[in-house]
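Engineer: Supplied in structure tokens, the structure appears directly below.
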Amino acid sequence: SPDQSWGLEVWRERPDEDMVKESLAFHDAFYRELNRVLASIEKLSGRFILVDVHSYNHRRDGPESMPTSRDLAPDINIGTSSMDRERWAPVVDAFIETLRGHHLNGEPIDVRENVSFQGKGEQTRFVHANFAETGCAIAVEFKKIFMDEWSGEPDWRTIEQLRAILASSVPVLESALRGMR
């Protein structure tokens, strides 16, 4: 509904009841499978990190609109509100610092925590509710600086840079997780 999506009408026609039931059943099946997979990883490794990657619009008022102010829209927003931030500080802090150590298109990358989004998504909440002591789910929101958010046209150069930046965090996350007691 519009109150769940920044005032936008997302449906041309309201879906019929069967489609809604099927969609909710798929959602439930996804979370059952996610629970099974994460429980297996937990059993095998003890702890795990799930990086929950999303993107967000920063020109919401139309294709010709000005981007949202940088004060309110970092290049990368790290959402941590659903986790025990103190417990997972070594992991999250190392992740953020690694990302901040990069440049994007020759400029320092702007990485901040809980600015445009706070990590209140269903998947991160699920991990922290079901694996509070062993699972760290980090919500990562990329501002759509890698595409034209209205036409859908990708900027492949920027996409490749962002992929490399994210990939550079894997050894840092592994090390931080191993270092936790």
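The values are calculated or read from the model by the stated rules, or taken from the named source; none is laboratory data. Predicted model, so just to flag it, every value in this text is computed and none were measured. As a convention, Cβ positions derive from the backbone with ideal geometry for all residues, glycine included, and neighbour counts pool all protein chains shown. Accessible surface is based on the protein model in full, side chains and every heavy atom, while ligands, DNA and RNA are left aside. Shrake-Rupley method; radii C 1.70, N 1.55, O 1.52, S 1.80 Å.
Engineer: Could you work out what % of the accessible surface of segment 73-181 is carbon and sulfur, using a 1.4 angstrom probe and leaving DNA, RNA and ligands out of the count? Walk me through the numbers before you get to the answer.
Structural biologist: Numbers: 2700 of 5250 Å².
Reported share for carbon and sulfur atoms: 51 percent.
Engineer: Hey, another quick one. With every protein chain left in place, what is the accessible area per residue of segment 6-58 in square angstrom, probe 1.4 Å?
Structural biologist: Values: 4390 Å² over 53 residues.
On a per-residue basis, 83 Å².
Engineer: Something else now. Top mean-square fluctuation among LYS144, LYS43, LYS21, Gaussian network model of the chain, C-alpha springs under 10 Å?
Structural biologist: Checking each option, the largest mean-square fluctuation is seen for LYS21.
Engineer: May I pose another question? Between ARG87 and ARG14, what is the label-point separation in nm under the 7 Å Cα-to-beta-carbon projection?
Structural biologist: 4.1
Engineer: Tell me which lysines have Cα within less than 18 Å of LYS143's Cα, excluding those fewer than 8 residues away on the same chain?
Structural biologist: Partners found: LYS120.
Engineer: How many angstrom lie between the C-alpha centres of segment 117-155 and segment 2-59?
Structural biologist: 11
Engineer: If a/c stays under 1.5 just call it rounded; otherwise compare a/b with b/c (prolate if a/b is bigger, oblate if not). Do that for the chain, with a ≥ b ≥ c from the square roots of the Cα gyration tensor eigenvalues.
Structural biologist: Values: a/c = 2.02, a/b = 1.09, b/c = 1.85.
Note, shape of the chain comes out oblate.
Engineer: If you don't mind, another one. Take peptides 158-168, 123-133 and line them up by average Cβ neighbours within 10 Å, highest first, as a rough protection proxy. Show your work: numbers first, answer last.
Structural biologist: On the way: 158-168: 14.7, 123-133: 16.8.
Descending mean neighbour count gives 123-133, 158-168.
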